[in-house]
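Below is one structure, written out as structure tokens; comments come after it.
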Amino acid sequence: MSPFKKIIIFSLISALAFMIILMFVVFPLFGSIREISKEISALQEDMVIFENDFIRANDFQKSYDSLEITSEKISSRLISSSVPIELIKFLEDAARDAGLTIEISPAAAAGSSDQFLGFSINLAGDFANTMKFLGKIESGSYFIKTQRIHMRRGAQYAGQLMTSLEIKALTKI
């Protein structure tokens, strides 16, 4: 065999070996790398989704805690519909602090549902003290809405003002 034929045969065998190695080793290796890359990408996407869910869960927990505190504050401003003692005591204290005499009686809360409790209040005192009382109940710690106010001069004592109020207070459900 001539050296030229040996070179051609060696080149053909080398090319064939290279093709076999390429087909059975390199291409499957690239395929495996491609599959592993897809899996890594999917895991990274899952990790981003998990991190976002974790952040949202933490934000929700903070919001929940804030809402729970707000709910407690609101609940403390509602009166008990069965025993409105705290509200009556508040009204009596506000009238006494303002220098007024007060009479409180239950009344229907006009145009409202079971969520409101109505009261009729009669006050006796001067105008400035009556306005002080109204300011206290408006800025007080209960959800109170004044339905009607009627003022007239007192018949018993000169300079005294007789005031009739109808209020409604928001109750706990």
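Bear in mind these aren't lab numbers, they're just calculated from the coordinates by the rules spelled out. Predicted model, so just to flag it, every value in this text is computed and none were measured. Cβ placement follows ideal geometry from the backbone for every residue including glycine, while neighbour counts extend to all protein chains displayed.
Mind telling me which of the residues 94, 42 ends up being small (Gly, Ala, Ser), over 30 Å from residue 122 (Cα atoms) and either touching an Asp or Glu at 6+ places or on another chain (Cβ under 8 Å) or surrounded by 10 or more Cβ atoms within 10 Å (Cβ to Cβ) (or both)?
Values: 94 fails: over 30 Å from residue 122 (Cα atoms).
Result of the check over 94, 42: 42.
What are the pairs, 6+ residues apart or on separate chains, where a residue within region 161-173 that is of a type in the set (A, V, I, L, M) has its Cβ under 9 Å from a residue that is buried (at least 19 other Cβ atoms within 10 Å of the Cβ) and in a loop (DSSP other than H, G, I, E, B)?
Between residues of region 161-173 that are of a type in the set (A, V, I, L, M) and residues that are buried (at least 19 other Cβ atoms within 10 Å of the Cβ) and in a loop (DSSP other than H, G, I, E, B), the close pairs are 167/109; 169/84; 169/109.
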